[in-house]
Number of protein chains: 2
Amino acid sequence: MGKEKYVLGFDADDTLWVNEVYYQEAEHEFCRLLSVYNSAEEISEKLFNTEMQNLKIYGFGTKGFMLSMIETALKLSKQEVSQKVLDNIIQIGKNMLNKPVVLLEGVKNVLEILSSRGYRLILATKGDMIDQQRKLKMSGIETFFDHIEIMSNKSEADYLKLLSHLNLKANNFLMTGNSVKSDIIPVINIGANAIHIPYHTTWQHEEIKGNNALGNFKTLNNISELLDILDL
Amino acid sequence: MGKEKYVLGFDADDTLWVNEVYYQEAEHEFCRLLSVYNSAEEISEKLFNTEMQNLKIYGFGTKGFMLSMIETALKLSKQEVSQKVLDNIIQIGKNMLNKPVVLLEGVKNVLEILSSRGYRLILATKGDMIDQQRKLKMSGIETFFDHIEIMSNKSEADYLKLLSHLNLKANNFLMTGNSVKSDIIPVINIGANAIHIPYHTTWQHEEIKGNNALGNFKTLNNISELLDILDL
């Protein structure tokens, strides 16, 4: 690596800034609110199932999460959950949408260096468009990116579309992200390059079970190590 | 018009396919469900106010509309609305997200002709990304477009960004849409061209009060008249 100049794609949530922790805090609070009806474990499982059922129509992001929490609360309580609790659930979601953006360690410095060295940087993220735009605006790193792509999914087809749209060859594209399922496997499968930077916690939907389809990619401890990989 | 080849931008909701009618049906049903608490007129007003308060964090689209309906129902009933009604509200929203896509008259034919004549067509729409992508997929007109832009807002800055991204000059861009506020005024204000095709009903948020800032643009009765404008 490092000889030709890659175009660098970056995932956002839990690659550049904190995200999953906020979902986990919200879910924890949700389980507490419904604790009279069931154990936290079972409530979490039911919420996840509801989210998966709704994923096709709601997509990824906080609004869909809010709607799935409300639906789960109604179902789980056999419509006995109090209106006060439902109101609290809406508030939990609104708080998530107003959270500060906390960059992960080294992110700003690394992007600054890459940008100053003439690398073309692409942000490629899932989630609610308006929420990701808000986070990007608050992050202070928006200006480092040449292109922002907010994707409804990160399948091979979605990456191929992105590359075609940006007029890029797969072997010239290097994607960095925390999700093996979304940022690594589809990228490698289309002949592009990927670097995995695990985050300490991963959403169940993004977890990979078993050892299937793991191609050849590097795993780094943090984003600063990306500079070594690129010989900077 | 018609001498140079414009790049043609199209709004989607209520320009290419039916949309606002579904929202109005949903709102009508919402008012009916809450009719014990207030008149339809007052419920609608409260819902609109809630939507406007939430617009900054929810953006445009059905999921935000659903969350605002739930919030309004809780507020309006002083948290006495039944869980059954809240469940119904979620169902109203889910039904909206599963509605068939009904193209407006002439749309398919016009896009087909424009596309076959070598015009570059751009879809520029607000709304939930996943929902707009679903509609586009079901519409049967996706292949006519060179580029799809799902925008969180349609301000002058947003249009400028779109033109810059597509490497287009403003005077070479012609936007067609049903909303004077979103599809016409900002487009004209950046020096591009716009054609207004009114739809029989307009969301209150998109309404323009008074006669302010209406520049020079053509109004057509339907999309088929666009062919005349372009001398086709």
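The values are calculated or read from the model by the stated rules, or taken from the named source; none is laboratory data. Nothing here was measured: the structure is a model prediction, and the numbers come from that model. Backbone-built Cβ (ideal geometry, glycine too); neighbour counts: all protein chains shown.
List of remarks:
- Test: residue in segment A:95-112 that is in contact with a Leu (Cβ under 9 Å, 6 or more places away or on another chain), of a type outside the set (Asp, Glu) and more than 30 Å from A:ILE229 (Cβ to Cβ): no
- Residue match in segment A:195-212 (condition: out of contact with any helix residue (DSSP H, G or I) (no Cβ under 9 Å at 6 or more places or on another chain), outside any loop (DSSP other than H, G, I, E, B) and exposed (fewer than 14 other Cβ atoms within 10 Å of the Cβ)): no
- Qualifying residue in segment B:29-36 (condition: buried (at least 21 other Cβ atoms within 10 Å of the Cβ) and either touching a helix residue (DSSP H, G or I) at 6+ places or on another chain (Cβ under 7 Å) or closer than 15 Å to B:LEU74 by Cα (or both)): yes
- Close contacts from segment B:62-88, counting a first residue that is more than 8 Å from every other protein chain (Cβ to nearest Cβ) and under 16 Å from B:GLU42 (Cβ atoms) and a second that is charged (D, E, K, R) and part of a helix (DSSP H, G or I), with Cβ to Cβ under 8 Å and a gap of 6+ residues or different chains, come to B:SER68/B:GLU51; B:THR72/B:LYS46; B:LYS75/B:LYS46; B:LEU76/B:LYS46.
- Residues (free of Cβ contacts under 8 Å to residues at least 24 places away in the same chain and more than 19 Å from the chain's Cα centre (by Cα)) located in segment B:89-102: B:GLN91
- Just one of the numbered conditions (1) at pLDDT 95 or above; (2) of a type in the set (A, V, I, L, M); (3) touching a strand residue (DSSP E or B) at 6+ places or on another chain (Cβ under 8 Å) is not true of A:MET129: (1).
- Among the residues making up segment B:168-195, those that are of a type in the set (A, V, I, L, M) and either in contact with a Gly (Cβ under 9 Å, 6 or more places away or on another chain) or touching a residue at least 60 places away in the same chain (Cβ under 8 Å) (or both) are B:LEU168, B:ALA170, B:LEU174, B:MET175, B:ILE184, B:ILE185, B:VAL187, B:ILE188, B:ALA192, B:ALA194, B:ILE195.
- Breaking point among (1) out of contact with any Lys or Arg (no Cβ under 9 Å at 6 or more places or on another chain); (2) surrounded by fewer than 16 Cβ atoms within 10 Å (Cβ to Cβ); (3) closer than 19 Å to A:LEU104 by Cα; (4) more than 12 Å from chain B (Cβ to nearest Cβ), for A:ASN216: (3)
- Among (1) surrounded by fewer than 17 Cβ atoms within 10 Å (Cβ to Cβ); (2) within 14 Å of chain B (Cβ to nearest Cβ) - the single one A:MET151 does not satisfy: (1)
- Note on segment B:117-147: among residues that are closer than 20 Å to B:ASN222 by Cα and among the hydroxyl-bearing types (Ser, Thr, Tyr), the one that is nearest to the other protein chains (Cβ to nearest Cβ) is B:THR125.
- Conditions (1) more than 29 Å from A:ARG134 (Cα to Cα); (2) touching a Ser or Thr at 6+ places or on another chain (Cβ under 9 Å); (3) not β-branched (Val, Ile, Thr): number failed by B:LYS218: (2)
- The single condition among (1) on the phi < 0 side of the Ramachandran plot; (2) of a type outside the set (A, V, I, L, M); (3) assigned to a loop (DSSP other than H, G, I, E, B) that A:LYS84 does not meet is (3).
- Unmet requirement for B:LEU111, which otherwise passes all of (1) surrounded by 15 or more Cβ atoms within 10 Å (Cβ to Cβ); (2) over 12 Å from B:GLU27 (Cα atoms); (3) facing chain A (nearest Cβ under 10 Å): (3)
- Residue within segment A:2-14 that is within 14 Å of chain B (Cβ to nearest Cβ), modelled with pLDDT of 95 or more and farther than 24 Å from B:ILE130 by Cα present: no
- Qualifying positions in segment A:38-61 - within 10 Å of chain B (Cβ to nearest Cβ), in contact with a helix residue (DSSP H, G or I) (Cβ under 6 Å, 6 or more places away or on another chain) and assigned to a helix (DSSP H, G or I): A:ASN54, A:ILE57, A:TYR58
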